[in-house]
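The values are calculated or read from the model by the stated rules, or taken from the named source; none is laboratory data. Bear in mind the structure is a predicted one, so any value in this text is a computation, not a measurement. Glycine also receives a Cβ, built like all others from the backbone with ideal geometry; neighbour counts cover every protein chain displayed. With ligands, DNA and RNA removed, areas are computed over all heavy atoms of the protein, side chains included. Shrake-Rupley method; radii C 1.70, N 1.55, O 1.52, S 1.80 Å.
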Amino acid sequence: MSKWLVRIQGYEYETNIDELKQWVIEGRVLPEDMIFRHGLGWRIAREVPMLQEAFEEQRKKPPSQQETSLSPSFHQPYAYQQANQYTLPTLFQRGMGFFLDDLSYSLFAAPGLLLLYLQESAATLEGIAPEEAVTLTPFLIMTVGLLVNFGLNVYLTSAYGGTAGKRLVGTVVLDRESKAFLGYGKSALREALRIFLCNSGILKSVCCLLGLASVWLSFDSERRQVYDIILGSNVYEKVS
């Protein structure tokens, strides 16, 4: 059974769908509370289809039978809400995670690059100019591959806390204040800023050290990239 998170009065609780429905019926989870599940992201409780019947049943109960929201003493807050579950990653983890993220773009662009190489090689063998033999196809393939990888990174960051590269090195991307996963919009903006700031011409030499780690990481006390400072997010190492 998949795990769900519910955020109540600043605390987060792990539960399952059956228990969550019961909390709704009992009035412990309110329509404006935030609900999270992998693949769904953070949603306002009243907008979650699977909870509609529970809210309808809760509204039919007389006021005397309606309970108040959960207090922190009822359940242990979920790990993402506990700061001691996370620590700052090492510079190696940040750098390796960054490198693996960049490597993934290279891998997704590889089929187009290979086709481009083959077309240029064929032109050389036939003694014609490369621009006469090269078509738009390899560039289209590269573009599609890069867009697919961009979308995949956004999805993984929002639904699971990090890209494949970050998960391999044991880190997650969280909101700095709430310690929750980023929403899809914020994840997309973070990925776009990361690519622009650290992989574009002269900005790459200014923002990144050998393309592996931002120079800024050595000076910021929380080892945040420039784009994480802008968005209020950060990368953490999960210690438990």
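Restricting attention to the stretch 178-191, the residues that are farther than 12 Å from Ile230 by Cα, in a helix (DSSP H, G or I) and in contact (Cβ under 8 Å) with a residue 24 or more places away in the chain add up to 4.
If you go through the stretch 87-108 and keep only what is touching a strand residue (DSSP E or B) at 6+ places or on another chain (Cβ under 7 Å) and either among the aromatic types (Phe, Trp, Tyr) or open to solvent by less than 20 Å² (accessible area, probe 1.4 Å) (or both), you end up with Pro89, Arg94, Gly95, Gly97, Phe98. Restricting attention to the stretch 109-123, the residues that are more than 30 Å from Leu168 (Cβ to Cβ), open to solvent by 60 Å² or more (accessible area, probe 1.4 Å) and either outside any helix (DSSP H, G or I) or of a type in the set (A, V, I, L, M) (or both) total 1.
Within the stretch 163-177, track down each residue that is in contact (Cβ under 8 Å) with a residue 12 or more places away in the chain and not acidic (Asp, Glu).
Step one: list which residues in the stretch 163-177 are in contact (Cβ under 8 Å) with a residue 12 or more places away in the chain, which gives 163-166, 168-177.
The answer is Thr163, Ala164, Gly165, Lys166, Leu168, Val169, Gly170, Thr171, Val172, Val173, Leu174, Arg176.
Applying the criterion of being assigned to a helix (DSSP H, G or I) and touching a residue at least 40 places away in the same chain (Cβ under 8 Å) to the residues of the stretch 13-46, the residue that is most open to solvent (accessible area, probe 1.4 Å) is Glu26.
Could you check the stretch 124-167 and list, in sequence order, the residues that are surrounded by fewer than 16 Cβ atoms within 10 Å (Cβ to Cβ), among the polar types (S, T, N, Q) and closer than 30 Å to Met96 by Cα? Thr143, the sole residue that qualifies. Output the residue which, of all residues in the stretch 168-183 that are buried (at least 16 other Cβ atoms within 10 Å of the Cβ) and of a type in the set (A, V, I, L, M, F, W, C), is farthest from the chain's Cα centre (by Cα). Checked the stretch 168-183; the qualifying residue farthest from the chain's Cα centre (by Cα) is Val169.
Do you know which residues across the stretch 178-212 are under 17 Å from Asn234 (Cβ atoms), modelled with pLDDT under 80 and of a type outside the set (Gly, Ala, Ser)? Of everything in the stretch 178-212, those that are under 17 Å from Asn234 (Cβ atoms), modelled with pLDDT under 80 and of a type outside the set (Gly, Ala, Ser) turn out to be Lys179, Leu197, Cys198, Cys207.
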